[in-house]
Amino acid sequence: MSDDWDVPDRSFVVLGGRTAPGHDLDAVSLIVTERDDTAGLGLEEAAIVRMCTSPTGVVEIASRLRLPVGMAQVLISGLLDQNRVTARHPHATSASQHDAALLRKVLVGLHHL
């Protein structure tokens, strides 16, 4: 068996060493591409830019990329910093309406998986 201690972890490489998103992104926030050029982006970031030509939820992005939601949030956050995408956050409503609406969105998202 070889020593793999010097081989970088895939998540570390994909995230460029970042460990947390710089923006508050909800799992149901919709992401929309603003700049469709992908020059200088990693594979996953370029894929996000291409898939978000129409509003796409954070959870759906994570699912399509086969990444944990937290990793997708970090990647999207970097794209937000570069003004390549924008985020449309869920509208604030009363707590009971928000909970029911959020649960419906999560249920629909889970069915699409």
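The values are calculated or read from the model by the stated rules, or taken from the named source; none is laboratory data. For clarity, every value in this text was computed on a predicted model and none was experimentally measured. Glycine gets a Cβ as well: all are built from the backbone with ideal geometry, and neighbour counts include every protein chain shown.
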Selection from the range 37-85 of residues closer than 13 Å to D24 by Cα and among the small types (G, A, S) yields G70, A72, S77, G78
Out of (1) part of a helix (DSSP H, G or I); (2) surrounded by fewer than 16 Cβ atoms within 10 Å (Cβ to Cβ); (3) modelled with pLDDT under 90, the one P90 does not meet is (1)
Of L25, L41, the only residue that is assigned to a loop (DSSP other than H, G, I, E, B) and closer than 18 Å to G109 by Cβ is L25
The condition from (1) of a type in the set (S, T, N, Q); (2) in contact (Cβ under 8 Å) with a residue 24 or more places away in the chain; (3) farther than 12 Å from R88 by Cβ that T53 misses is numbered (2)
When restricted to L15, L79, the only residue of a type outside the set (D, E, K, R), within 14 Å of the chain's Cα centre (by Cα) and either within 20 Å of K105 (Cα to Cα) or modelled with pLDDT of 90 or more (or both) is L79
Of (1) buried (at least 20 other Cβ atoms within 10 Å of the Cβ); (2) over 25 Å from A101 (Cα atoms); (3) in contact with a strand residue (DSSP E or B) (Cβ under 8 Å, 6 or more places away or on another chain), R50 satisfies every one except (1)
